[in-house]
Amino acid sequence: MPASATAAKESGQADKGPFAAFLAAGIALTGIVLLFAMVIAFALPAFRQQGPGAVLAWSWRPYQGDFGILPMLAGSMLLALSALALAWPLAVLLLCGMLPRGPAAAGRKGAGLRLRRLGADLLPWAIRLMTAVPTVVYGFAALFLLTPLVRRGLGGSGLCLLSAALVLALLILPGMVLVMEAGLAPRLQRLCPGGLALGFSRLELLWHVVFPSARKTLLASALLGFGRAMGDTLLPLMLAGNAPQVPGGLTEGLRTLTAHMALVTANEVGGAAYDSLFAAGALLLGVNTLASVAARRLARCSEPGAPPELRS
Amino acid sequence: MSRARASNGAARPAPRNRLRGLPLLRFASRFAAVALLGCLGALFAFLLFKGGPVLDRELLFGNTPSLDAILGLRPVWDGIWPALAGTLCLVLLTLCLALFPGIGCGVYLAEYAGPRAKALAGAAVDVLAGVPSIVMGLFGFTVILFLRRSFLPEANTCLFLASACLALLVLPVLIVSTREALEAVPRDLRLCAAALGLSRAARLRHVLLPVAARGIWSGVILALGRSAEDTAVIMLTGVVANAGLPAGLGAKFEALPFAIYYITAQYQSQEELARAFGASLVLLLLAGGLMLLASRLASGYRRRWAGGKA
């Protein structure tokens, strides 16, 4: 590996430790490059195809030779955006409850206050735990808890945009809250002595000062949540009904790119259907790469000067 | 910051407006917290209520004697033991494959990379972290297709392939936690080690890695949980509904999350459904337990080094 060898010489060390680290980094980066190369190489022929059987079309009827996956792309986008529209405001509100907890209330007594503090202590813990709940468990529980409610309330089968979006919102919520918390907590901390002395409460500082100055962190967390919602497979597969159409309302079924990929591999419709599988994968890869690159740029712009590092 | 000051100034002439606005926010945030905790409580209570009663020996092994089932002497037809064993094999194999590149790459990024390499590799890791798990599965699938078309015509999806794809999936978790644990080591400690005349490799081996071990462990456990719960990757890389105990690296296998999905889609009787509830509860307890362990390790680590005091 010539690149790592020159790098080792530059750092003035050629012993075993750095070499192992270079090797490991090389393996990891090779994996990433290989992933992109394989998926794109398999998808290119599918995108090239024109006329009947093209993947960039609006109709999916595999037995008539129509392999369009644009309805699935629209479905993925729509579902991810609705989940984001539900989860992002909720994350901001939860943050308003979590961040401004100061020692101020600790001295006061009262049963109501103690109960409230218990709730406030429970919340960060619950959010940490939510990151560990397996997607399939969410989907499974929602199938028996949520869909009957939706079916009774709004009619239809209960497997629709609304059910999937609600549960997907629950899935992407903890990640977004944690990203926001990591970005905003230090800012609030820095403002606190001066701001409190001016007579602002912590919540006021957060709402009037920290939020407006940290738009980029908030946007980055939204992008990460969007990527997570686009990429999830099991919830749309179990809850969204999987009809290959663009949904016209909240109670209509839809099929996402991810669910489409799972269904095509499970049913093995045939050779031409596989092309749509690779095209769907490449589209997903493209959208999510854009989202994470944008989120990374935003997060880096909003960093208020990273601490200098010690290097020898 | 200039915008912040402007909004601060704009808020001050109208205190009444602010007083009227924020109680609403307070109420809304409290309402959101209660609603979320209520939803989660309902979910856990429902799973416990439905899955708790079936959580016994029969859930795992069905009618087969336990020892025979564990040793694989007799097949288990109506229990989740094969799926559980498949998940354990999958997780361990994934860890074996991901441990060296993950921790090594984290060490490289924290200690050896120059600013440019750091930015580039950091971006690559971020992008990898954003890749949907089903695309990871698709990658494994394309690798098999490629092998079949080129020089291994009988290649098929299997346990090893699924573990390799899962390893790629959990790689960012390992890299980021190793890197953060190393970068959180206090500056004083680094300076001390350097002043004592330790070489760079010796500093890493005898000071930095032992000090950062807790943080790295928490990343490893997070990666374990992530690979145990993921379903989409293995759906494209060789999981099946009935395979018995995993027979080897090149064999098909069962896994707990897929078993839940499969039963939900195809169940014939209430007993089967009850088994799915039990399996969900087992998976939830497994993932939650791993998560708690990881966060305990991480918070202990942070407390120890907060403020740079040992």
Checking B:Gly137 against (1) within 17 Å of the chain's Cα centre (by Cα); (2) surrounded by fewer than 24 Cβ atoms within 10 Å (Cβ to Cβ), only one condition comes out false. Which one? (2)
Only residues that are more than 17 Å from A:Leu86 (Cβ to Cβ), away from chain B (no Cβ under 14 Å) and either assigned to a helix (DSSP H, G or I) or touching a Gly at 6+ places or on another chain (Cβ under 9 Å) (or both): list them for the stretch A:120-157, please. A:Arg151, A:Arg152, A:Gly156, A:Ser157
Taking the stretch B:97-122 as the search range and keeping residues that are within 30 Å of A:Met261 (Cα to Cα) and modelled with pLDDT under 90, which one is nearest to the other protein chains (Cβ to nearest Cβ)? B:Ala121
Can you find a residue that is within 13 Å of chain A (Cβ to nearest Cβ) and in contact with a Phe, Trp or Tyr (Cβ under 6 Å, 6 or more places away or on another chain) anywhere in the stretch B:41-56? yes
Considering only the stretch B:64-95, how many residues are under 26 Å from B:Pro172 (Cα atoms) and either buried (at least 17 other Cβ atoms within 10 Å of the Cβ) or in contact (Cβ under 8 Å) with a residue 40 or more places away in the chain (or both)? 10
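Matching residues to (1) in contact with an Asp or Glu (Cβ under 8 Å, 6 or more places away or on another chain); (2) assigned to a helix (DSSP H, G or I):
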{"position": "B:Ala193", "(1), (2)": "no, yes"}
{"position": "B:Ala201", "(1), (2)": "yes, yes"}
{"position": "B:Val220", "(1), (2)": "no, yes"}
{"position": "B:Arg226", "(1), (2)": "no, yes"}
{"position": "B:Val233", "(1), (2)": "no, yes"}
{"position": "B:Ala241", "(1), (2)": "yes, no"}
{"position": "B:Gly244", "(1), (2)": "yes, no"}
{"position": "B:Leu249", "(1), (2)": "no, no"}
Only one of A:Pro244, A:Pro236, A:Pro304 is out of contact with any Cys (no Cβ under 7 Å at 6 or more places or on another chain) and modelled with pLDDT under 80. Can you tell me which? A:Pro304
Restricted to the stretch B:191-224 and to residues being more than 9 Å from chain A (Cβ to nearest Cβ) and of a type outside the set (A, V, I, L, M, F, W, C), the residue surrounded by the fewest Cβ atoms within 10 Å (Cβ to Cβ) is B:Gly197
Got at least one residue in the stretch B:89-111 being of a type in the set (S, T, N, Q) and within 21 Å of A:Gly286 (Cβ to Cβ)? no
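The values are calculated or read from the model by the stated rules, or taken from the named source; none is laboratory data. Every value quoted in this text rests on a predicted model; they were computed, and no experiment measured them. Reconstructed Cβ throughout: ideal geometry from the backbone, glycine too, with neighbour counts over all protein chains shown.
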